[in-house]
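Chemist: Could you have a look at this structure, given as structure tokens, before my questions?
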Amino acid sequence: PILSGAADVVIGDRQVGSIEHFSPLKKALQHVGSGVVRWASETDVPDTVSGFRALSREAALRLFVTTDFSYTVENLIQAGKKGLTVTTVPIAINIVDRPSRLHQGNWNFIKRQASIIARTYTTYEPLKTFSYIAAAFAAFGLIALGRAAYVFIGRRLQWFEQSLSNDQALLVGAILMVLAVFIFLMGLLADRIGGVRRLDEEQLYRLRARDVADEQWRRELNARLDTLEQKVEKASEDSSVLGR
């Protein structure tokens with residue numbers, strides 16, 4: 001797909017469900033984790049943590065690695081958010097009977113990959129992320145305020161005893177609503193910071209592209225100079241033979 005121009009990123013699908021030396025727990029965790037990454041990256045990749053990958057030149061210039069643990073999830077989310085075409089090809093793998101060099105067990109891997117997913121998704125969707133969190137606080141705040149209003153109206157209509165207090169629900173609801181507004185404002189600020197990051201990434205992309213173009217130009221120039229030098233040497237040899 002890379003050579004034919006049909007895709008920018010191609011991931012080798014290890015077909016985890018058919019790998020015999022993977023335990024049922026590992027297969028289940030792989031399935032759930034890949035589902036989360038597909039949702040975060042808006043791609044349709046069955047094996048999201050596969051390290052067998054091919055990238056076009058454009059994709060290699062566009063993608064950046066900021067984590068020191070594993071690039072696979074981060075790059076996939078980046079590719080999805082940047083509109084690169086991602087596809088997969090089925091591959092077979094060899095059985096490796098040794099401990100992983102990347103992590104110290106399944107739970108360590110899950111913990112570190114979860115932090116990468118959260119950080120990368122928040123980087124490219126800050127307003128949406130903070131809005132989700134703010135909506136959760138607002139929902140509980142509205143429930144608490146609804147409870148306070150219900151008690152207040154009930155006391156007015158003499159449904160409840162006058163001694164029944166709604167102070168706690170009112171206080172909790174007010175605090176949760178203030179937190180919801182504060183978190184949403186943080187999301188707006190993070191979204192503006194994300195805009196600056198996108199500009200920085202575009203500048204870095206153009207610097208990379210210029211370096212690649214300059215390197216290609218130097219190679220072509222050197223090739224032409226070598227060809228010209230060979231022609232001059234051949235012409236000199238021919239002149240020497242004719243002179244004799």
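Chemist: Only one of LEU204, LEU242, LEU176 is part of a helix (DSSP H, G or I), open to solvent by 70 Å² or more (accessible area, probe 1.4 Å) and at pLDDT 85 or above. Can you tell me which?
Modeler: Working: LEU242 fails: at pLDDT 85 or above; LEU176 fails: open to solvent by 70 Å² or more (accessible area, probe 1.4 Å).
Criteria check complete, one pass: LEU204.
Chemist: Also, I was wondering about something else. So ARG219 passes all but one of these: (1) open to solvent by less than 90 Å² (accessible area, probe 1.4 Å); (2) modelled with pLDDT of 90 or more. Which condition number does it fail?
Modeler: Failing condition for ARG219: (1).
Chemist: A further question follows. What's the number of the condition LYS82 fails, among (1) touching a residue at least 40 places away in the same chain (Cβ under 8 Å); (2) open to solvent by 20 Å² or more (accessible area, probe 1.4 Å); (3) not small (Gly, Ala, Ser)?
Modeler: Just one mismatch for LYS82, condition (1).
Chemist: Inspect all residues belonging to the range 126-146 and state whether any of them is open to solvent by 40 Å² or more (accessible area, probe 1.4 Å), at pLDDT below 85, aromatic (Phe, Trp, Tyr) and not assigned by the TED database to the domain that holds ALA40.
Modeler: no
Chemist: Another question, if that's okay. Out of all the residues in the range 31-43, which are assigned to a helix (DSSP H, G or I) and surrounded by fewer than 18 Cβ atoms within 10 Å (Cβ to Cβ)?
Modeler: Once the filter is applied, which keeps residues that are assigned to a helix (DSSP H, G or I) and surrounded by fewer than 18 Cβ atoms within 10 Å (Cβ to Cβ), the range 31-43 yields HIS31, VAL32, GLY35, VAL36, ARG38, TRP39.
Chemist: Kindly indicate the residue of the range 44-67 that is out of contact with any Gly (no Cβ under 9 Å at 6 or more places or on another chain) and outside any loop (DSSP other than H, G, I, E, B) and also least open to solvent (accessible area, probe 1.4 Å) among those meeting that condition.
Modeler: Only one residue fits best here, namely ALA59.
Chemist: Which of the residues belonging to the range 84-118 are in contact with a helix residue (DSSP H, G or I) (Cβ under 8 Å, 6 or more places away or on another chain) and modelled with pLDDT of 85 or more?
Modeler: Hits for the range 84-118 are LEU84, VAL86, ILE116, ILE117.
Chemist: Condition (residue is part of a helix (DSSP H, G or I), farther than 19 Å from LYS82 by Cα and under 15 Å from the mean Cα position of the chain (by Cα)) applied to the range 8-30: is it met by at least one residue?
Modeler: no
Chemist: Within the range 94-107, is there a residue that is assigned by the TED database to the domain that holds VAL16, within 14 Å of the chain's Cα centre (by Cα) and exposed (fewer than 13 other Cβ atoms within 10 Å of the Cβ)?
Modeler: no
Chemist: Among the candidates LEU76, LEU29, single out the residue that is under 25 Å from ASP211 (Cα atoms), of a type outside the set (Val, Ile, Thr) and either outside the structural domain of GLY194 (by the TED database) or free of Cβ contacts under 8 Å to residues at least 12 places away in the same chain (or both).
Modeler: Selected residue: LEU76, the only one of LEU76, LEU29 that is under 25 Å from ASP211 (Cα atoms), of a type outside the set (Val, Ile, Thr) and either outside the structural domain of GLY194 (by the TED database) or free of Cβ contacts under 8 Å to residues at least 12 places away in the same chain (or both).
The values are calculated or read from the model by the stated rules, or taken from the named source; none is laboratory data. Please read all numbers here as calculations on a predicted model, not as lab measurements. All Cβ positions, glycine included, derive from the backbone under ideal geometry; neighbour counts span all protein chains shown. Calculation scope for accessible area: heavy atoms of the full protein, side chains included, ligands and nucleic acids excluded. Shrake-Rupley method; radii C 1.70, N 1.55, O 1.52, S 1.80 Å.
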